[in-house]
1. Step by step: first the residues of the range 167-188, then only those that are in contact (Cβ under 8 Å) with a residue 12 or more places away in the chain and basic (Lys, Arg), then the one that is least open to solvent (accessible area, probe 1.4 Å). Which residue is that?
2. Is the range 132-139 home to any residue that is out of contact with any Leu (no Cβ under 8 Å at 6 or more places or on another chain), in a loop (DSSP other than H, G, I, E, B), hydrophobic (A, V, I, L, M, F, W, C) and modelled with pLDDT of 95 or more?
3. Before we move on, is LEU65 surrounded by 12 or more Cβ atoms within 10 Å (Cβ to Cβ), touching a residue at least 40 places away in the same chain (Cβ under 8 Å) and within 18 Å of PHE17 (Cα to Cα)?
4. If you scan the range 72-114, which residues turn out to be small (Gly, Ala, Ser) and either open to solvent by less than 10 Å² (accessible area, probe 1.4 Å) or touching a Gly at 6+ places or on another chain (Cβ under 7 Å) (or both)?
5. Which of (1) in contact (Cβ under 8 Å) with a residue 60 or more places away in the chain; (2) under 17 Å from ILE176 (Cβ atoms); (3) open to solvent by less than 30 Å² (accessible area, probe 1.4 Å); (4) out of contact with any Gly (no Cβ under 8 Å at 6 or more places or on another chain) does PRO20 not meet, given it meets every other one?
6. Run down LYS25, LYS51 and say which single residue is within 20 Å of VAL163 (Cα to Cα) and of a type in the set (Lys, Arg).
7. Taking TYR120 as meeting all but one of (1) closer than 17 Å to LYS25 by Cβ; (2) modelled with pLDDT of 95 or more; (3) in contact with a Phe, Trp or Tyr (Cβ under 9 Å, 6 or more places away or on another chain), write down the number of the exception.
8. Kindly list, by first and then second residue, each pair from a residue in the range 100-123 that is under 17 Å from PHE151 (Cα atoms) to a residue that is aromatic (Phe, Trp, Tyr) and surrounded by fewer than 17 Cβ atoms within 10 Å (Cβ to Cβ), limited to pairs with Cβ atoms under 8 Å and residues at least 6 apart or on different chains.
Amino acid sequence: MEKKFEQIESDIIRVAFVGPECTGKTTLSKTLAKDFETKWVPEFMRTYLQKKWDEKRETCTWDDLEPIALGQISSENELIQEANKIIFCDTNLLELMIYSYIYYGKCSAEIEKYALENHYDVVFLTDIDVPWQADDLRDKPNEREFMFAQFKQMLDKQNIKYVIITGDLEKRLKTIKEVVDKILKNNG
């Protein structure tokens, strides 16, 4: 099996956000990267699928998952080389794997392998207690509780430790910064 979805080695602390659509992952990643004077990894799936929608009015298909996975890990591997002690990942292969199971009932063996093997020092699961906002790509405004339960169930099933993030932006940032500061202190 190729290693195209593997993280490069780094001493940089990796923070990943996972969770249903429209739960604040991008806002949190961007804000924290600015506050910690480092880099954040945007969600490649959003850019890829927005382009597909704009050009062809098509949505995600099974065949899109591999290029999305490759784009996500490539972005992470590139940006981690520019990061300052820590990097914030708006999403990761774990999120893609969970979505793959929700939408297609399966996941490619290679994506799943690296989704479970790639390392993050902390994974934050973003709760649905923030307003949902429509856009071209979001499609589950009435299934937020189901989606959150699916994420939680998959993380639990795979024994992936995570911290649930709830509340308004200020509360979320405070909780995340407390966890991240402890990690930085322990790795200091």
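1. ARG172
2. Taking every residue of the range 132-139 in turn, none turns out to be out of contact with any Leu (no Cβ under 8 Å at 6 or more places or on another chain), in a loop (DSSP other than H, G, I, E, B), hydrophobic (A, V, I, L, M, F, W, C) and modelled with pLDDT of 95 or more.
3. no
4. SER100
5. (2)
6. Criteria check complete, one pass: LYS25.
7. Here TYR120 meets the rest and fails (3).
8. Here the result reads TYR104/TRP62; CYS107/TYR101, each pair linking the range 100-123 to a residue that is aromatic (Phe, Trp, Tyr) and surrounded by fewer than 17 Cβ atoms within 10 Å (Cβ to Cβ).
The values are calculated or read from the model by the stated rules, or taken from the named source; none is laboratory data. Values in this document were obtained by computation on a predicted structure and should not be read as measured data. No Cβ is skipped: glycine too gets one built from the backbone with ideal geometry, and neighbour counts run over all protein chains shown. Just the protein is used for accessible areas: all its heavy atoms, side chains included, with ligands, DNA and RNA removed. Shrake-Rupley method; radii C 1.70, N 1.55, O 1.52, S 1.80 Å.
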